[in-house]
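Down below is the structure, laid out as structure tokens.
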Amino acid sequence: MNDMNSWKHMFKLDPAKAISDEDLMKVCTSGTDAIMVGGTDNVSEENVLYLMRKVQSYSLPIVLEISNIDSIVPGFDLYFIPTVLNSRDVKYHNGLLLEALKSFGALIDFNELVFEGYVILNPECKVAELTDANTQIDDVDIEAYAQMINDMYKLPVMYIEYSGIYGETDIVKSAADMLTETQLFYGGGISSYEEAEEMAAIADTIIVGNIIYENINNALKTVKVKETH
Ligand code: 1GP
């Protein structure tokens, strides 16, 4: 169930945003490979638990992408831990992690954790602001980040995050070309089947978020990339 290497498509649900039971059912029965629960603002133990329980009534993997220590809830299949490599604040490299390990290190099942090397590329998105990310990155920079992740830190996942806007395919391709072991996640601004198809041809896994809340039918169409990749 948790063979995430084969996941081509994930929907990302924000616990701070409302979704109707009907739309949640459509998302969870769409054929997507997994549901990722994650967001930047107002993510709490209460809203994470609420969404987890709702999604657990469907039979697909559910992953928590940890936003803050207070909203970590047991019961997910996997826990994704971001480290933001282009953040200027050490807190978002390993500072939060250090605090979490000091408090809970003895209780953690490390087999459930997946460390994500994030590179945030939309300067306007909330997470870029929060983490003080240096988003002025060209293809040489992204290649170096990809090498850092694949060859040096040897992280299982590189996440190219354009949250809110559709990214530059050349940048994503530059990263993809450097990765031999690391799984490439792409997320940001996918709002149609055509965009999903274009990014799915480059990245290993695409993540579709906002469009779920803006146009559920277009969101559902993105799952069709699984038929071609
Ligand atoms: C956000 O990468 C995800 O963390 C998906 O981005 O919400 O723009 O689809 P969108």
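The values are calculated or read from the model by the stated rules, or taken from the named source; none is laboratory data. These numbers were taken from a predicted model, which means no experiment stands behind them. We place every Cβ from the backbone using ideal geometry, glycine too, and count neighbours over all the protein chains shown. Each accessible area value is taken on the protein alone, full model and side chains, heavy atoms only, with ligands, DNA and RNA left out. Shrake-Rupley method; radii C 1.70, N 1.55, O 1.52, S 1.80 Å.
So for region 145-229, taking the charge dipole from beta-carbon charges (+1 Lys/Arg, -1 Asp/Glu), which of GLY188, ILE207, ILE149 sits furthest toward the positive end?
Among GLY188, ILE207, ILE149, the one farthest towards the positive end of the dipole of region 145-229 is ILE207.
Please list, in order, the residues from region 66-95 whose amide nitrogen is less than 20 Å from a point placed 7 Å along the Cα→Cβ vector of PHE110.
Correct set: 66, 77-84, 93-95.
What is the list of residues in region 57-93 whose amide nitrogen lies under 16 Å from a point 7 angstrom out from the Cα of ALA16, following Cα to Cβ?
Under 16 Å, as judged by backbone N against the label point of ALA16, lie 65-72 of region 57-93.
Tell me, how many Å apart are the Cα centres for region 35-93 and for region 167-220?
20 Å
Quote to one decimal, in nm, the extra length available between LEU49 and ASP138 on full extension: 0.36 nm per residue of separation minus the C-alpha distance between them. Walk me through the intermediate numbers first.
Values: separation 89, 0.36 × 89 = 32.04 nm, distance 3.89 nm.
Stretched fully, the LEU49-ASP138 segment lengthens by 28.2 nm.
For the full complex of protein chains and a 1.4 angstrom probe, list LEU85, LEU107, LEU97 by accessible area with the highest value first. Let's see the in-between values first.
Numbers: LEU85 20, LEU107 140, LEU97 55 Å².
Largest accessible area first, the residues go LEU107, LEU97, LEU85.
Looking at region 1-66, what % of the alpha carbon pairs are farther apart than 13 Å?
Tail fraction, whole percent: 60.
Expressed as cubic angstrom per residue, what is the convex hull volume of the alpha carbon set of the chain? Walk me through the numbers before you get to the answer.
Working: hull volume 26.1 nm³, N = 229.
In the chain, the Cα hull volume divided by residue count equals 114 Å³.
Please find the FRET efficiency linking TYR193 to LYS91, where r is the Cβ-Cβ separation and R0 is fixed at 45 Å, and quote it to the nearest 0.05. Please report the intermediate quantities before stating the final value.
Values: r = 38 Å, r/R0 = 0.84.
The calculated FRET efficiency here is 0.75.
When the chain is treated as a GNM, springs tying every alpha-carbon pair under 10 Å, which of THR205, THR32, THR40 comes out with the largest mean-square fluctuation?
THR40
Just to be sure I understand: with springs between alpha-carbon atoms less than 10 Å apart, which residue in ASN210, ASN150, ASN42 has the highest mean-square fluctuation in the Gaussian network model of the chain?
The residue with the greatest mean-square fluctuation here is ASN42.
Lys and Arg at +1, Asp and Glu at -1: add these up for the other residues within a Cβ distance under 15 Å of LEU101 and post the number.
Working: positive: LYS91, LYS102; negative: GLU99, ASP109, GLU112.
Around LEU101, the surrounding residues sum to -1.
Charges at C-beta only: +1 for Lys and Arg, -1 for Asp and Glu. How large is the resulting dipole of the chain about its Cα centre, in Debye rounded to 20? Before the final figure, lay out each step's value.
Working: 15 positive and 37 negative charges, 114 e Å.
The dipole magnitude comes to about 540 debye.
Would you work out what percent of the accessible area of region 24-147, with all protein chains in place, is carbon or sulfur (probe 1.4 Å)?
Details: 3150 of 6240 Å².
Answer for region 24-147: carbon and sulfur cover 51 percent of the accessible area.
Summing Lys, Arg as +1 and Asp, Glu as -1, what charge do residues with Cβ under 12 Å from the Cβ of TYR166 carry, TYR166 excluded?
Details: positive: none; negative: GLU168, GLU194, GLU195, GLU198.
Combined, the nearby Lys, Arg, Asp and Glu give -4.
Could you check what % of the DSSP bridge pairs in the chain are antiparallel, to the nearest 5? Before the final figure, lay out the partial values.
Values: 1 of 33 bridges.
DSSP beta bridges in the chain are roughly 5 percent antiparallel.
Where only protein heavy atoms count, and the probe is 1.4 Å, what is the accessible area per residue for the chain in Å²? Don't skip to the end; give the middle numbers.
Working: 11080 Å² over 229 residues.
Accessible area per residue, the chain: 48 Å².
According to a simple spin-label model (label point 7 Å from Cα along Cα-to-Cβ), what is the distance in nm between ASP77 and LYS26?
2.3 nm
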